[in-house]
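Structure, as structure tokens:
The values are calculated or read from the model by the stated rules, or taken from the named source; none is laboratory data. Since we're looking at a predicted model, the values are computed, not measured. For neighbour counting, all protein chains shown are included, and Cβ atoms are generated from backbone atoms with ideal geometry for every residue, glycine included.
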Amino acid sequence: MRIENHPVLDFKRGKQISFIFNGKAIDAFEGETIQAALHAAGVRVLGHSLTLHRPRGFYCAIGNCSSCMMVVDGVPNVRTCVTPVREGMVVELQEGKGIIE
Amino acid sequence: MITCELLVIGAGPAGLCSAITAAKSGASVVVLERSPDIGGQLIKQTHMFFGSKEQHASTRGVDIAEILREEIARYDIKLMLDTTALGIYEDGMVTALYKEEEYMKFKPGAIIVATGACERFLAFPNNDLPGVCGAGAVQTLMNVYGIMPAKDVVMLGAGNIGLIVSYQLMQAGVNVKCILDAAPKIGGYLVHASKVARMGVPIKTSHTVKRAIGEDHLTAVEIVALDDKFNQIPGTEEIIPADTLCVSVGLTPLCELLAMAGCKLSYIPQLGGMVPLKTGEYETSVPNIFVAGDTSGVEEASAAMVEGHIAGLCAAKRLGHIPEDFDAQYSSLNRQLMALRSGPAGEHIRQGLASACLNKEA
Ligand SMILES: Cc1cc2nc3c(=O)[nH]c(=O)nc-3n(C[C@H](O)[C@H](O)[C@H](O)COP(=O)(O)OP(=O)(O)OC[C@H]3O[C@@H](n4cnc5c(N)ncnc54)[C@H](O)[C@@H]3O)c2cc1C
Ligand code: FES
């Protein structure tokens, strides 16, 4: 969900675009990060821990903690909280440490 | 390789002010900022700042960032956004990464590290569940991107950040269930505490989180009362349904770059953890590496700005740019800092800074 009316802030959103998350189309606005757009779409689980496979969500949202790493356009370990969304981008949940091709 | 006179790392209030003052003195400055925009913590702050007039008190944090943006544009300052400083090496070389793609090398005459601080974490069962996150993270979502961060929040920590973020959450339409603090007294300013209390949010002192509850995502928080020795009191547990638990238990300086450069660090709890030792000119134990702002001790934006001006003034002096009124500027800035840190609220900062003082001759 996005905030429409705010008593102090006025949000200038970019162009509406769409990207793919685990095969599903998700609406987003240019200028948002992948994690922010996924959060607005109600996605909370961004990955699983390596050994115990516990669910992982965002923690810091500023690129400090690595809790939000996903596969973006085939590249693993992308911190989605600091990576902007782009039209047509393909985002997937990452299993394991990720393989660089 | 890019050679430059002064390299500033971090474009929060401290880094921006240091760049402005150094450039005013005649130095040419390059500023590296890992985010897509300048302002650091300021861009998330929608409330009127405390502090004094010289540091734009009573102005909203977001607006202070705009004032600094206009000032930056007037001087010989090259801003490099989306650029993360990765390391400072023995030979004074700095490496950086632009947009996760392009590596860069800098050879500056002097460096000011103003990387700010990051949020602390707390140990409790299930603290890794999605839905448990930093107070700064929900601020980024709601105040920078305009996204509803949560429905029902439990806030852990009744310091200024916990109180202010609770208020901002309510402004965005989020339900704040309660604010917990392990200490028997509210840590933040009374004005902020009464603002949220008036809106009906209970502030539970001597309380903490016993565990987070949920399968894939947080659904509830179990809280518990603490006795005067911070032991949990059995039988006082309470389960509060919530989709988000915001952890706001203080900040700790981001000084990895300084550690790598070999600057002497020391653990000073009053300043938030490991901090660099520094001289009265804000120079670390490594010559030509200066510091300013939360990196050298977690404090406030007002102090971060004044420290930035001092570090900028002194780094420019080291590079041979000494304004005629150097002494007057230097003592005026120090007087401002003294005023900001006066009184009982500044007590712990004064104590901490006394232990962080580096005497070069010794
Ligand atoms: C909720 C909240 C409310 C607050 N309210 C007030 C208030 O009312 N009054 C007040 O005076 N203060 C307030 N503060 C405190 C104030 O915001 C901070 O003390 C101040 O922003 C510190 O400034 P800084 O420049 O040291 O660090 P920051 O603002 O944290 O800036 C550091 C910058 O460095 C960048 N950076 C970090 N590492 C790197 C790297 N390796 N390479 C490149 N760039 C990097 C970061 O992206 C960031 O932009 C508040 C803080 C919070 C969280
Ligand atoms: S949430 Fe911490 S790095 Fe993305």
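Listing for the model above:
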{"read-out": "A:Val45 facing another protein chain (nearest Cβ under 8 Å), touching a residue at least 24 places away in the same chain (Cβ under 8 Å), within 25 Å of B:Asp82 (Cα to Cα) and not in a strand (DSSP E or B)", "value": "no"}
{"read-out": "Residue that is farthest from B:Glu101 (Cα to Cα) [pool: residues in the range B:31-51 that are among the aliphatic types (A, V, I, L, M) and within 6 Å of ligand 1 (Cβ to nearest atom)]", "value": "B:Leu42"}
{"read-out": "Test: residue in the range B:103-117 that is under 23 Å from B:Lys44 (Cα atoms), touching a residue at least 24 places away in the same chain (Cβ under 8 Å) and not in a loop (DSSP other than H, G, I, E, B)", "value": "yes"}
{"read-out": "Pick from the range B:299-323, criterion more than 24 Å from B:Val94 (Cβ to Cβ) and modelled with pLDDT of 95 or more, ranking: nearest to ligand 2 (Cβ to nearest atom)", "value": "B:Val306"}
{"read-out": "Lone qualifier among A:Glu92, A:Glu87, A:Glu101 - being at pLDDT 95 or above, surrounded by fewer than 13 Cβ atoms within 10 Å (Cβ to Cβ) and not basic (Lys, Arg)", "value": "A:Glu87"}
{"read-out": "Which numbered condition A:Arg79 fails, given (1) charged (D, E, K, R); (2) more than 8 Å from chain B (Cβ to nearest Cβ); (3) surrounded by fewer than 22 Cβ atoms within 10 Å (Cβ to Cβ); (4) in contact (Cβ under 8 Å) with a residue 12 or more places away in the chain", "value": "(3)"}
{"read-out": "Test: residue in the range A:28-42 that is small (Gly, Ala, Ser), within 11 Å of chain B (Cβ to nearest Cβ), touching a Pro at 6+ places or on another chain (Cβ under 8 Å) and at positive phi", "value": "yes"}
{"read-out": "In the range B:47-71, residue nearest to the other protein chains (Cβ to nearest Cβ) [restricted to those that are at pLDDT 80 or above and crowded, with 20+ Cβ neighbours inside 10 Å]", "value": "B:Gly61"}
{"read-out": "Residues that are farther than 26 Å from B:Asp325 by Cα, touching a strand residue (DSSP E or B) at 6+ places or on another chain (Cβ under 6 Å) and at pLDDT 95 or above, drawn from the range B:12-46", "value": "B:Leu32"}
{"read-out": "Checklist (1) within 14 Å of chain A (Cβ to nearest Cβ); (2) among the hydroxyl-bearing types (Ser, Thr, Tyr); (3) in a loop (DSSP other than H, G, I, E, B) applied to B:Tyr75, failing item", "value": "(1)"}
{"read-out": "Elements of type strands (runs of 3 or more DSSP E) in the range B:249-300, at least 1 residues being crowded, with 21+ Cβ neighbours inside 10 Å and within 10 Å of ligand 1 (Cβ to nearest atom)", "value": "B:251-253, B:289-291"}
{"read-out": "Some residue of the range A:14-29 being free of Cβ contacts under 8 Å to residues at least 60 places away in the same chain and within 10 Å of the chain's Cα centre (by Cα)", "value": "no"}
{"read-out": "Considering residues of the range B:159-182 that are modelled with pLDDT of 95 or more and in a loop (DSSP other than H, G, I, E, B) only, the residue nearest to ligand 2 (Cβ to nearest atom)", "value": "B:Val174"}
{"read-out": "Selection status of B:Leu86, in a strand (DSSP E or B) and either within 14 Å of another protein chain (Cβ to nearest Cβ) or in contact with a helix residue (DSSP H, G or I) (Cβ under 7 Å, 6 or more places away or on another chain) (or both)", "value": "yes"}
{"read-out": "In the range B:145-161, residue surrounded by the most Cβ atoms within 10 Å (Cβ to Cβ) [restricted to those that are more than 13 Å from ligand 1 (Cβ to nearest atom) and not aliphatic (A, V, I, L, M)]", "value": "B:Pro149"}
{"read-out": "Answer from B:Ala197, B:Ala193 - the residue that is within 24 Å of the chain's Cα centre (by Cα) and assigned to a helix (DSSP H, G or I)", "value": "B:Ala193"}
{"read-out": "Within the range A:50-62, tally of residues that are within 18 Å of B:Glu119 (Cα to Cα) and more than 7 Å from chain B (Cβ to nearest Cβ)", "value": "0"}
{"read-out": "In the range A:54-74, residue modelled with the highest pLDDT [restricted to those that are within 15 Å of ligand 1 (Cβ to nearest atom) and aliphatic (A, V, I, L, M)]", "value": "A:Ala61"}
{"read-out": "The range B:98-120, subset surrounded by fewer than 17 Cβ atoms within 10 Å (Cβ to Cβ) and at pLDDT below 95, residue nearest to the other protein chains (Cβ to nearest Cβ)", "value": "B:Glu100"}
{"read-out": "Residue that is farthest from the other protein chains (Cβ to nearest Cβ) [pool: residues in the range B:121-144 that are without any contact (Cβ under 8 Å) to a residue 12 or more places away in the chain and more than 20 Å from the chain's Cα centre (by Cα)]", "value": "B:Ala123"}
{"read-out": "Residue satisfying all of: in the range B:1-30; more than 10 Å from ligand 1 (Cβ to nearest atom) and of a type in the set (Gly, Ala, Ser); farthest from the other protein chains (Cβ to nearest Cβ) among these", "value": "B:Gly26"}
{"read-out": "Test: B:Thr219 is surrounded by fewer than 21 Cβ atoms within 10 Å (Cβ to Cβ), within 14 Å of chain A (Cβ to nearest Cβ) and within 16 Å of ligand 1 (Cβ to nearest atom)", "value": "no"}
{"read-out": "The range A:49-72, residues that are outside any loop (DSSP other than H, G, I, E, B) and over 19 Å from A:Val90 (Cβ atoms)", "value": "A:Pro55, A:Arg56"}
